[in-house]
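K.L.:
One structure is given below, represented as structure tokens, and several questions about it will come after.
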Amino acid sequence: MKGEYVLSGAEAVERVWERHQISQDYFAVILDWKMPEMDGIETAQAIREKVGPDIPIIILSAYDWSGVEEEARRAGVSGFISKPLFKSRLVYLFNQIAGNDKHQEEREADLPAAIPPGKHILLVEDNELNREIGEELIRQNGVEVESAANGREALERFEKMGENYYDMIFMDIQMPVMNGYDATTAIRRFPREDAGRIPIIAMTANAFAEDIQRSRNAGMNEHLPKPLNIEQLIRCLAKWLGEKPSGNPGGV
């Protein structure tokens, strides 16, 4: 597919109108919701007034759009898609637009789950550079992240922040003061309801079978190899924090 972009709602209306005049309408228009001067809903309405109802218009947003969905539909919005933008979710949406909805349930099963806003992650990593990279990758997926430099610090932070504050923990294994295995075991034994169910994900360059088994024995839920793979990280976040799409025709 060929793609073009503009930097504002006004430019989008103008570009769509230019293509319409030469009978080369876009297959779809994807609009950011939060834009200065002219937001996505206002832009969608202006496009509809110019070119009519035929071009699918998708609102892209990291925010919860449920409060404005009715208004957006009235403005002519065809559907919604969440940030961060996963390739599989975009392909699924384009297939819906094109009417290629055969085997819809099978495709939905492969979609990364949408991660609701407001989730908090504790990243436990002793290497400062790795910690900065990990924080950035996690934040790019719309999740709040805090960090600890060793297992003891992680345990203290988990206790201090209170029950159900953290939704997930990424735990390095080889650390000074307290390693990841011991920190996980201590968290699991903590006298609090969330201590037994919070997902704790091991992060280590040691990916042998015995390392994975030791992680599980300590109470970890999953094992991610280092260096972190972006796609694996996204899948892990979606698996433990996400909500699968409802499957309604216009949404995700």
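The values are calculated or read from the model by the stated rules, or taken from the named source; none is laboratory data. All values reported here derive from a predicted model rather than from experimental measurement. Note: ideal-geometry Cβ built from the backbone for every residue, glycine included; neighbour counts use all protein chains shown. For the accessible areas, the whole protein counts, side chains as well, though only heavy atoms, and no ligand, DNA or RNA atoms are used. Shrake-Rupley method; radii C 1.70, N 1.55, O 1.52, S 1.80 Å.
K.L.:
Just to be sure I understand, how many residues within the range 2-56 are more than 24 Å from LEU85 (Cα to Cα), aliphatic (A, V, I, L, M) and touching a His at 6+ places or on another chain (Cβ under 9 Å)?
P.N.:
Residues meeting the conditions: 1.
K.L.:
Which one is surrounded by the most Cβ atoms within 10 Å (Cβ to Cβ) among residues in the range 182-204 that are within 18 Å of GLU135 (Cα to Cα) and of a type in the set (A, V, I, L, M)?
P.N.:
Looking at the filtered set, the residue picked out is ALA202.
K.L.:
In the range 20-38, which residues are open to solvent by 60 Å² or more (accessible area, probe 1.4 Å) and either in contact (Cβ under 8 Å) with a residue 24 or more places away in the chain or assigned to a helix (DSSP H, G or I) (or both)? Spell out the reasoning first.
P.N.:
Filtering the range 20-38 for residues open to solvent by 60 Å² or more (accessible area, probe 1.4 Å) gives 20-25, 27, 30, 34, 36-37.
The answer is HIS20, GLN21, ASP25, PHE27, ILE30, LYS34, PRO36, GLU37.
K.L.:
Just checking, does the range 174-181 include any residue being within 21 Å of CYS236 (Cβ to Cβ), open to solvent by 80 Å² or more (accessible area, probe 1.4 Å), in contact with an Asp or Glu (Cβ under 9 Å, 6 or more places away or on another chain) and modelled with pLDDT of 85 or more?
P.N.:
Within the range 174-181 (the criterion being within 21 Å of CYS236 (Cβ to Cβ), open to solvent by 80 Å² or more (accessible area, probe 1.4 Å), in contact with an Asp or Glu (Cβ under 9 Å, 6 or more places away or on another chain) and modelled with pLDDT of 85 or more), the answer is yes, since at least one residue qualifies.
K.L.:
Pull up the range 225-252, narrow it to residues that are surrounded by fewer than 18 Cβ atoms within 10 Å (Cβ to Cβ) and either among the β-branched types (Val, Ile, Thr) or assigned to a strand (DSSP E or B) (or both), then point me to the one that is modelled with the highest pLDDT.
P.N.:
PRO225
K.L.:
Oh, and also: Give me the residue from the range 1-21 that is among the hydrophobic types (A, V, I, L, M, F, W, C) and under 14 Å from LYS50 (Cα atoms) and, out of that set, farthest from the chain's Cα centre (by Cα).
P.N.:
Only one residue tops the list, namely TRP17.
K.L.:
Could I ask something else about it? What number goes with the only condition from (1) out of contact with any His (no Cβ under 6 Å at 6 or more places or on another chain); (2) closer than 20 Å to CYS236 by Cβ; (3) of a type outside the set (D, E, K, R); (4) surrounded by 15 or more Cβ atoms within 10 Å (Cβ to Cβ) that GLN213 does not pass?
P.N.:
Just one mismatch for GLN213, condition (4).
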